[in-house]
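What follows is one structure encoded as structure tokens, with my remarks underneath.
The values are calculated or read from the model by the stated rules, or taken from the named source; none is laboratory data. Given the structure is predicted, the values throughout are model-derived calculations rather than measurements. As a convention, Cβ positions derive from the backbone with ideal geometry for all residues, glycine included, and neighbour counts pool all protein chains shown. Areas reflect the complete protein model, heavy atoms only, side chains present, ligands, DNA and RNA absent. Shrake-Rupley method; radii C 1.70, N 1.55, O 1.52, S 1.80 Å.
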Amino acid sequence: MPSPRASLVALALLASCRRPGGPALAPRYLLGLSPGPSFAVLGATLYADRDLRYRDASCLGVSLAGGREPAMLDGGRLDLWVVGGDPIGHVDRGADGRYHAAVRTALEPGTRVAGSLAGSNEVAAHRFHSPAQVPRPVQRIKPDAGFSLRAGEGLPVTWRGGDSTHVALVVTVSRGPADTAQAGWLLTCVVPRGRGRFLIPASAFPRAQVPADADTVTVVVAADERVVEEEYALDVTPVASADDQAVGTFAR
């Protein structure tokens, strides 16, 4: 029988021969709360593998069709509540495949929020052990209104202020304004706030996914308090204002 020391040495050698794990990827199941002045929007983003066209450590990308994201997986009921306080609200997957509901409530910065997903045969149930708090807004610096982005280029984004753990960057590339476009490329990145900057890589704008006639890029920069547990993230992001958005041009 080998000695305990010999066993430990063998385990160490085995570990040294293993290939290192690949880079961590952004969580794919997102539970969200967007507080506004007198209301809050509840939602969930539960993409199927077949619909995720881009995924790296910070970003998820999907194609828009008919002006909408792909239908979400059914994850059961989403519940959100104030820690030690009252329920905020709940939402189920709608007939259109979306998780979206608005409730009348005011949530002050610093309010701690928790959530859970009931789960289904498509998405496992999850209850967050750690809360997220309502953050203060950040100020978008770059890109400026009227900026330009060319295919094959990355997109630098900068901001300042706020107290959130992260910042959410939502980019739409489409023909005409994002709110009226029928087809487009939707990219959502969540990155640490403290850096004050992030370069969205050129690979996040795949040529095969961006519509051939796309000419408009819309960028929203917003504070995001994020808690990540396994494949799940709880994001609290204040409702964006006009100042959080910049619209520019896209060219191939």
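Do we find that residue 115 is small (Gly, Ala, Ser) and part of a loop (DSSP other than H, G, I, E, B) in this structure?
For residue 115, the condition - small (Gly, Ala, Ser) and part of a loop (DSSP other than H, G, I, E, B) - is not met.
Tell me yes or no: at least one residue of the range 156-167 is β-branched (Val, Ile, Thr) and closer than 16 Å to residue 241 by Cβ.
Taking every residue of the range 156-167 in turn, at least one turns out to be β-branched (Val, Ile, Thr) and closer than 16 Å to residue 241 by Cβ.
Among (1) in contact with a Ser or Thr (Cβ under 9 Å, 6 or more places away or on another chain); (2) among the aromatic types (Phe, Trp, Tyr); (3) under 27 Å from residue 78 (Cβ atoms), where does residue 232 come up short?
Here residue 232 meets the rest and fails (1).
Taking the conditions exactly as written (open to solvent by less than 10 Å² (accessible area, probe 1.4 Å) and either over 18 Å from the mean Cα position of the chain (by Cα) or closer than 22 Å to residue 66 by Cα (or both)), does residue 164 satisfy them or not?
It is false that residue 164 is open to solvent by less than 10 Å² (accessible area, probe 1.4 Å) and either over 18 Å from the mean Cα position of the chain (by Cα) or closer than 22 Å to residue 66 by Cα (or both).
Name the residue that is surrounded by the fewest Cβ atoms within 10 Å (Cβ to Cβ), counting only residues in the range 88-113 that are farther than 14 Å from residue 78 by Cβ and of a type in the set (A, V, I, L, M).
Of everything passing the filter in the range 88-113, 95 is surrounded by the fewest Cβ atoms within 10 Å (Cβ to Cβ).
For the range 66-92, name all the residues that are more than 19 Å from the chain's Cα centre (by Cα), among the aliphatic types (A, V, I, L, M) and in a strand (DSSP E or B).
Hits for the range 66-92 are 82, 88.
Which of the residues belonging to the range 56-78 are touching a strand residue (DSSP E or B) at 6+ places or on another chain (Cβ under 7 Å), without any contact (Cβ under 8 Å) to a residue 60 or more places away in the chain and open to solvent by 40 Å² or more (accessible area, probe 1.4 Å)?
If the condition is that a residue be touching a strand residue (DSSP E or B) at 6+ places or on another chain (Cβ under 7 Å), without any contact (Cβ under 8 Å) to a residue 60 or more places away in the chain and open to solvent by 40 Å² or more (accessible area, probe 1.4 Å), then 77 is the only one that fits.
Which of the residues belonging to the range 96-112 are part of a loop (DSSP other than H, G, I, E, B), at pLDDT 95 or above and at negative phi?
98, 104, 105, 107, 108, 109, 111
Would you confirm whether or not the range 238-251 contains a residue that is free of Cβ contacts under 8 Å to residues at least 60 places away in the same chain, open to solvent by less than 40 Å² (accessible area, probe 1.4 Å) and either within 19 Å of residue 43 (Cα to Cα) or under 17 Å from the mean Cα position of the chain (by Cα) (or both)?
no
Can you tell which of 195, 140, 175, 207 is over 14 Å from the mean Cα position of the chain (by Cα), free of Cβ contacts under 8 Å to residues at least 24 places away in the same chain and at negative phi?
195
Does any residue of the range 75-90 turn out to be aromatic (Phe, Trp, Tyr) and in contact with a Leu (Cβ under 7 Å, 6 or more places away or on another chain)?
no
Taking residue 126 and the conditions (1) open to solvent by 40 Å² or more (accessible area, probe 1.4 Å); (2) in contact with a Phe, Trp or Tyr (Cβ under 8 Å, 6 or more places away or on another chain); (3) not hydrophobic (A, V, I, L, M, F, W, C), which numbered condition does it fall short on, given that it satisfies the others?
Unmet for residue 126, out of (1) open to solvent by 40 Å² or more (accessible area, probe 1.4 Å); (2) in contact with a Phe, Trp or Tyr (Cβ under 8 Å, 6 or more places away or on another chain); (3) not hydrophobic (A, V, I, L, M, F, W, C): (1).
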